[in-house]
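First up is the structure itself, then whatever we jot down about it.
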Amino acid sequence: MFASTLTDAVRLLATFDHRVAEIVGLSLQVSGGAVVLGTLIGLPLGASIAVGRFPGKAGVSVLINALMGLPSVVVGVVVYLLLSRSGPFGAFGLLYTPLAMVAAQTLLVVPLMAAIARQVVEDAWQRYAEELQVMRFTWWQSVSTLLHDCRHSLLVAVLAGLGRAMSEVGAVMIVGGNIDRATRVMTTAIALETSKGDLPLAIALGIVLIVLILALNAVAFGLRHWAMRRYG
Amino acid sequence: MSGGPGGGAMFPIRVRGLRHAPNGRELLSGVDLDLGDEGITVLLGPNGAGKTLLLRALCGLLVPCSGTLDWGGGAQPERGVMMVFQKPMMLRASVLANAVLGLKPLGLSRHDCRSRGIAVLERVGLAHRAHDSARLLSGGEQQRLGLARAWLTRPRLLLLDEPTASLDPSATAEVERIVREIRTDGTRILMVTHNLGQATRLADDIVFMSGGRVHEHTPTRRFFSRPQSDEARRFIQGELPWRMSF
């Protein structure tokens, strides 16, 4: 049973099954979009908290760290309420669209990326703060300089965000609805096909998911090592 | 690098009664000091004398408990004071990018930054390494790059905190050459060192500190031939014990 299921799954991948391709393509678009937005919001947010001096800084850091473990279904429900017809953004008609899924995944990855960025940038800030202050750097100049200097370490934050976005199922299921050829992504498809008993497709998607995450991590690992050799 | 350093009148600098005592532990105990607008002044003294703290107070990194800093009759200038640390920070970027870092707050064009950066790197002998990673430079080269970065902003007052500590004699000589050039360019230099030979070679005058206060401020030759204070005499003879405090 297992061997034949696996053989069927490999056959689906080898023949570039259009269902698999469609689902993988949408997954990459949704998670990629969420990670891009998460990078643009989360990294500067984390760096700003690291560099900034403001009352309640410790509390904000604790909150950001706590939000890393935010359950994806909770985010899904919140985004659902915001985007539903009676919600504040209901007029845009975004519910059950890939954009709603991007929004939900962005909310999930921002705290994770911000928390990692805060830690990485704070370590660098402790080393550089005095010299940047002597050079009269503004707050934003310090943030942008540190983000650039820590760019290779911050790859970890981006990868962590990507991993979380690609592997979560609860939020996209709630706000996307798992609609065939519209909002079906790898994780929701795996859950559905398994419940239907179509294990070859579920396993084929699982293999793609694992290979993608492994490949991205390998690229990031190589990039980081190259950067360490290049820049010290 | 042409033209004198920018900035308005900020000399003479008058330090009066500067005191710093975090948690009741007196680290600066009423420092008085006058600095004119040219030359190289070397701060000498045993470890724990308060030399680095004085530099930090002058560049605004330390807020003293009491005392005054008078900059030519006014408050501390917004720009014009730079400090080079014992181990300058090196961003994960090229030598050129690190050299022009101090220009970032000035909002100059990229082309302008680049041409100024290349010019200053030529003066410190690092132009041929402009595109190498700054972190892969030797300790002496990094110190020269730190000096170049400060020099490029054309400070009126340059504070150097043991710039040749842990450097070999040839790297030390190169740093000293650059320090002299910066001084010739019109920058006032206040420098901490433990190297008495270096103080003799570079300094116009010596400020001797011990126990958080200034004991003596005299021309270099006079300091080494006829020190005024007993502490300075014992320091020169290697008899003054380092202040150990835990």
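Any chance the range B:125-147 includes a residue that's of a type outside the set (Asp, Glu), at the interface with another protein chain (Cβ under 10 Å from one of its Cβ atoms) and assigned to a loop (DSSP other than H, G, I, E, B)? First the steps, then the outcome.
First, pick out the residues of the range B:125-147 that are of a type outside the set (Asp, Glu): B:125-131, B:133-140, B:142-147.
After this cut, where a residue has to be at the interface with another protein chain (Cβ under 10 Å from one of its Cβ atoms) as well, the list is B:133-137, B:146.
Filter once more, so that each one left must be assigned to a loop (DSSP other than H, G, I, E, B): B:137.
Yes, there is a match, as at least one residue in the range B:125-147 is of a type outside the set (Asp, Glu), at the interface with another protein chain (Cβ under 10 Å from one of its Cβ atoms) and assigned to a loop (DSSP other than H, G, I, E, B).
Does A:PHE137 satisfy being modelled with pLDDT of 95 or more, within 14 Å of chain B (Cβ to nearest Cβ) and either over 29 Å from A:ALA215 (Cβ atoms) or touching a strand residue (DSSP E or B) at 6+ places or on another chain (Cβ under 7 Å) (or both)? It would help to see each step written out before you state the result.
Working: modelled with pLDDT of 95 or more: yes; within 14 Å of chain B (Cβ to nearest Cβ): yes; either over 29 Å from A:ALA215 (Cβ atoms) or touching a strand residue (DSSP E or B) at 6+ places or on another chain (Cβ under 7 Å) (or both): yes.
Answer is yes for this residue.
Does B:ARG201 count as in a helix (DSSP H, G or I), more than 25 Å from B:GLY80 (Cα to Cα) and at pLDDT 95 or above?
On the way: in a helix (DSSP H, G or I): yes; more than 25 Å from B:GLY80 (Cα to Cα): yes; at pLDDT 95 or above: yes.
Considered against the rule, which asks whether it is in a helix (DSSP H, G or I), more than 25 Å from B:GLY80 (Cα to Cα) and at pLDDT 95 or above, B:ARG201 comes out as yes.
What residue, of A:LEU45, A:LEU82, is over 21 Å from A:THR183 (Cα atoms) and modelled with pLDDT of 95 or more? Outline the logic, then answer.
Details: A:LEU82 fails: over 21 Å from A:THR183 (Cα atoms).
Result of the check over A:LEU45, A:LEU82: A:LEU45.
Scan the range A:175-193 residue by residue and report those that are among the β-branched types (Val, Ile, Thr) and touching a residue at least 24 places away in the same chain (Cβ under 8 Å).
Narrowing the range A:175-193 to residues among the β-branched types (Val, Ile, Thr): A:175, A:179, A:183, A:185, A:187-188, A:190.
Hits for the range A:175-193 are A:VAL175, A:ILE179, A:THR183, A:VAL185, A:THR187.
For the range B:90-104, give me the residue count where each residue is facing chain A (nearest Cβ under 10 Å) and either without any contact (Cβ under 8 Å) to a residue 24 or more places away in the chain or among the polar types (S, T, N, Q) (or both).
As a first pass, look at the range B:90-104 and keep what is facing chain A (nearest Cβ under 10 Å): B:90-94, B:97, B:101-104.
Narrowing further to those that are either without any contact (Cβ under 8 Å) to a residue 24 or more places away in the chain or among the polar types (S, T, N, Q) (or both): B:94, B:104.
Total meeting the criteria: 2.
Regarding the range B:172-180, can at least one residue be identified that is in a loop (DSSP other than H, G, I, E, B) and surrounded by 15 or more Cβ atoms within 10 Å (Cβ to Cβ)?
No: zero hits.
Can B:SER170 be described as in contact (Cβ under 8 Å) with a residue 24 or more places away in the chain, within 14 Å of another protein chain (Cβ to nearest Cβ) and over 16 Å from the mean Cα position of the chain (by Cα)? If you could, list the steps in order and put the result at the bottom.
Working: in contact (Cβ under 8 Å) with a residue 24 or more places away in the chain: yes; within 14 Å of another protein chain (Cβ to nearest Cβ): no; over 16 Å from the mean Cα position of the chain (by Cα): yes.
The answer is no for B:SER170.
What number of residues within the range A:68-89 are in a helix (DSSP H, G or I) and among the small types (Gly, Ala, Ser)? Reasoning before the result, please.
Step one: filter the range A:68-89 for residues in a helix (DSSP H, G or I), giving A:72-83.
Next cut, among the small types (Gly, Ala, Ser) only: A:72, A:76.
Here the count works out to 2.
Mind checking which residues of the range B:149-170 are surrounded by fewer than 22 Cβ atoms within 10 Å (Cβ to Cβ) and either closer than 15 Å to B:ARG123 by Cα or of a type in the set (Ser, Thr, Tyr) (or both)?
If the condition is that a residue be surrounded by fewer than 22 Cβ atoms within 10 Å (Cβ to Cβ) and either closer than 15 Å to B:ARG123 by Cα or of a type in the set (Ser, Thr, Tyr) (or both), then B:SER166, B:SER170 are the ones that fit.
Have a look at A:LEU108, A:LEU159, A:LEU112, A:LEU154 and point out the one that is crowded, with 18+ Cβ neighbours inside 10 Å and within 14 Å of chain B (Cβ to nearest Cβ). Can you show your working first?
Numbers: A:LEU108 fails: within 14 Å of chain B (Cβ to nearest Cβ); A:LEU159 fails: within 14 Å of chain B (Cβ to nearest Cβ); A:LEU112 fails: within 14 Å of chain B (Cβ to nearest Cβ).
Selected residue: A:LEU154, the only one of A:LEU108, A:LEU159, A:LEU112, A:LEU154 that is crowded, with 18+ Cβ neighbours inside 10 Å and within 14 Å of chain B (Cβ to nearest Cβ).
More than 18 Å from B:THR193 (Cα to Cα), of a type in the set (A, V, I, L, M), away from chain A (no Cβ under 14 Å) and in contact with a strand residue (DSSP E or B) (Cβ under 6 Å, 6 or more places away or on another chain): which single residue out of B:LEU35, B:LEU27, B:LEU44 fits that description?
On the way: B:LEU35 fails: more than 18 Å from B:THR193 (Cα to Cα); B:LEU44 fails: more than 18 Å from B:THR193 (Cα to Cα).
From the options B:LEU35, B:LEU27, B:LEU44, the qualifying one is B:LEU27.
Might you let me know whether the range A:173-183 holds any residue that is within 14 Å of chain B (Cβ to nearest Cβ) and in contact with a helix residue (DSSP H, G or I) (Cβ under 7 Å, 6 or more places away or on another chain)? Step through it out loud before you land on a result.
So the first thing to find is which residues in the range A:173-183 are within 14 Å of chain B (Cβ to nearest Cβ), and the list is none.
No: zero hits.
Quick check: anything in the range A:6-29 under 14 Å from A:ALA114 (Cβ atoms) and of a type in the set (Val, Ile, Thr)?
Here is the first cut: in the range A:6-29, the residues under 14 Å from A:ALA114 (Cβ atoms) are none.
Checked against the condition, which is being under 14 Å from A:ALA114 (Cβ atoms) and of a type in the set (Val, Ile, Thr), the range A:6-29 yields no hits at all.
Does A:VAL134 satisfy the criteria of being buried (at least 17 other Cβ atoms within 10 Å of the Cβ) and either touching a helix residue (DSSP H, G or I) at 6+ places or on another chain (Cβ under 6 Å) or farther than 30 Å from B:MET89 by Cβ (or both)? Spell out how you get there, then give the answer.
Values: buried (at least 17 other Cβ atoms within 10 Å of the Cβ): yes; either touching a helix residue (DSSP H, G or I) at 6+ places or on another chain (Cβ under 6 Å) or farther than 30 Å from B:MET89 by Cβ (or both): no.
Judged against the criteria, A:VAL134 is not a match.
Determine which single condition A:ALA129 fails, assuming it passes every other condition in (1) more than 14 Å from chain B (Cβ to nearest Cβ); (2) of a type outside the set (Ser, Thr, Tyr); (3) surrounded by fewer than 23 Cβ atoms within 10 Å (Cβ to Cβ); (4) assigned to a helix (DSSP H, G or I).
The failed condition is (1).
The values are calculated or read from the model by the stated rules, or taken from the named source; none is laboratory data. For clarity, every value in this text was computed on a predicted model and none was experimentally measured. Cβ coordinates were reconstructed from backbone atoms using ideal geometry, including for glycine residues, and neighbour counts include every protein chain displayed.
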